[in-house]
Amino acid sequence: MRYDTVIIGGGLAGLTAGIELLKRGQKVAAVSTGQSALHFNSGSLDLMGRSKTGRDIINPLQGIMSVGEQHPYARLGFPRIQRLLPRIKPLFEEAGITLNGTADRNHFRLTPLGMFKPAWLTMAGLATTDNPDNPGWGRCLIINIAGFIDYYPQFLANGLAKTGIECDIRNLSHPAIEYLRKSSTEMRATNIARVIRGEVIDQIAKSVSKMAKESSADTVLMPSVVGVFSETPLRRMLELAQCNLKFVGTMPMSVSGMRTQMCLRRLFEHLGGTYLLGDSVRCGKFSGNRLTEVYTTNLGDMPLQAETFILASGSFISHGLEADPEHVYEPLFGLDVDADSNRPQWSHMNIYTSQQYMSFGVRTDDRFRVSRNGQTVSNLFAAGSILSGSNAVKEESGAGITLLTALNAADTICNCNETKTQKLQPSEYY
Ligand SMILES: Cc1cc2nc3c(=O)[nH]c(=O)nc-3n(C[C@H](O)[C@H](O)[C@H](O)COP(=O)(O)OP(=O)(O)OC[C@H]3O[C@@H](n4cnc5c(N)ncnc54)[C@H](O)[C@@H]3O)c2cc1C
């Protein structure tokens, strides 16, 4: 099977790059083993949230300007970042995902532990404020779903009490959710979201309005358990609940993260992309400095051939990178990796401090092409969390790096192709 571009990994990086390539007329396939980091997403996309000293960053663009020269942001360059940033919200909007926020000022999203965390773009309905010291929410009612184990109202109330917000806590139940409770392991956010649909939404919205009235709360906080496939149920709940209702992220799995994954995948497929879910690229064939084809587990001996490839297989959590006791390596093609050879330096006993292994990743040239045995692979681009040079957890920059490097990979591939096509224009020869 022949494509213009084959993408290895169908998470945030793979889907974003794929959508861009499809829009520009390419024939694209993405192979994805399974879960991506989006399934654990907090509900916010981070651009740059923390300084080197751990302080909240208010202006992420200023934060970006202070990164080291090996950082993916530094290698993209500030002018290019500024050109790419305005494309992100419209791309998500097209996929049916509403994002609130801007790149020149972080807002603050309420975490499940009742703290406020800087964020660049936050998904619709989630509780955010511009002023974490005084969110202006008045008295809050925290509603939980009876029996739900991944949401801790008391932690939330204790955290909010530190900013002077008083909270009541109440439990809500509904027969459709009670049915799930028969097996307590079913009581996860994404399972609950699957049953909150149709008239269940209307009935729960009615209960929420009643509770809000009874408690005279100014703001109602509910776990983010609505709308796993699309934003529609969430919008309906917000519309019907006659109160100032805001959602709060839960412990993973993340409903808003899974919704994002599904919406992006739907757009990718709607544009004509081939998404091979549950399949894994297992190896590739090289000719000189080019990757010519890859082989997957399900397709056996039938290769996926392409002009260009994007490696978007993620970091350690997605097995884009792996480690044995001595080495960090890229498991598919044995690509060159930037990692400290001194094993004791990889991690620190203090789990709250910066962990060096988080900045390990594949080595790339200035166009984000990977290398193998010191030689650039001319048609294999890397994007997303597999790249070296940043500590996305520490600096809160994960989605920003992922989205910008994915768009950049798509642009670079299209520009290369345009140059090639231009060379073949007959007018050039006469
Ligand atoms: C637990 C966790 C929570 C996070 N939360 C946030 C957050 O709230 N906000 C934020 O901004 N950032 C967050 N991040 C950062 C996150 O890494 C990026 O935002 C982004 O989602 C990474 O996308 P990616 O596509 O590069 O990688 P991934 O999302 O990891 O996707 C890689 C995909 O490649 C697939 N794959 C791997 N190997 C193969 C193969 N051989 N063949 C086929 N497919 C393969 C994997 O199955 C996976 O689906 C979080 C990261 C983690 C680990």
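Take the conditions within 13 Å of the ligand (Cβ to nearest atom), modelled with pLDDT of 95 or more and within 21 Å of the chain's Cα centre (by Cα) and apply them to residue 81. Does it pass?
Spelling it out, it is not the case that residue 81 is within 13 Å of the ligand (Cβ to nearest atom), modelled with pLDDT of 95 or more and within 21 Å of the chain's Cα centre (by Cα).
Please go through the range 149-162 and pick out each residue that is under 29 Å from the mean Cα position of the chain (by Cα) and over 16 Å from residue 215 (Cβ atoms).
Once the filter is applied, which keeps residues that are under 29 Å from the mean Cα position of the chain (by Cα) and over 16 Å from residue 215 (Cβ atoms), the range 149-162 yields 149, 150, 151, 152, 154, 155, 158, 159.
Out of all the residues in the range 187-209, which are free of Cβ contacts under 8 Å to residues at least 12 places away in the same chain and more than 16 Å from residue 144 (Cβ to Cβ)?
Going through the range 187-209, the residues free of Cβ contacts under 8 Å to residues at least 12 places away in the same chain turn out to be 191, 198-199.
Correct list: 198, 199.
Looking at (1) touching a residue at least 60 places away in the same chain (Cβ under 8 Å); (2) of a type outside the set (Val, Ile, Thr); (3) over 30 Å from residue 43 (Cβ atoms); (4) open to solvent by 60 Å² or more (accessible area, probe 1.4 Å), which one does residue 341 not meet, given that it meets all the others?
Of the numbered conditions (1) touching a residue at least 60 places away in the same chain (Cβ under 8 Å); (2) of a type outside the set (Val, Ile, Thr); (3) over 30 Å from residue 43 (Cβ atoms); (4) open to solvent by 60 Å² or more (accessible area, probe 1.4 Å), the odd one out for residue 341 is (1).
Being open to solvent by 10 Å² or more (accessible area, probe 1.4 Å), closer than 20 Å to residue 177 by Cα, at pLDDT 95 or above and away from the ligand (no atom under 15 Å from the Cβ), is that true of even one residue in the range 285-294?
No: zero hits.
Within the range 366-412, which residues are within 13 Å of the ligand (Cβ to nearest atom), of a type in the set (Val, Ile, Thr) and surrounded by fewer than 24 Cβ atoms within 10 Å (Cβ to Cβ)?
Selection gives 393 alone.
Pairs under 8 Å by beta carbon, first residue without any contact (Cβ under 8 Å) to a residue 40 or more places away in the chain in the range 351-378, partner among the polar types (S, T, N, Q) and open to solvent by 30 Å² or more (accessible area, probe 1.4 Å), six or more apart or different chains?
355/347; 356/345; 356/347; 365/376; 369/376; 369/378
If a residue must be within 6 Å of the ligand (Cβ to nearest atom) and at pLDDT below 95, how many such residues does the range 1-34 contain?
Residues of the range 1-34 within 6 Å of the ligand (Cβ to nearest atom): 8-14, 31-34.
Then drop every residue that is not at pLDDT below 95, which leaves 34.
The total comes to 1.
The values are calculated or read from the model by the stated rules, or taken from the named source; none is laboratory data. On a predicted model such as this, the values are computed, not experimentally measured, just so you know. A quick note on method: Cβ atoms are made from the backbone with ideal geometry, for glycine too, and the neighbour counts reach across all protein chains shown. When the accessible area is computed, the model is the full protein with side chains, heavy atoms only, and any ligands, DNA or RNA have been set aside. Shrake-Rupley method; radii C 1.70, N 1.55, O 1.52, S 1.80 Å.
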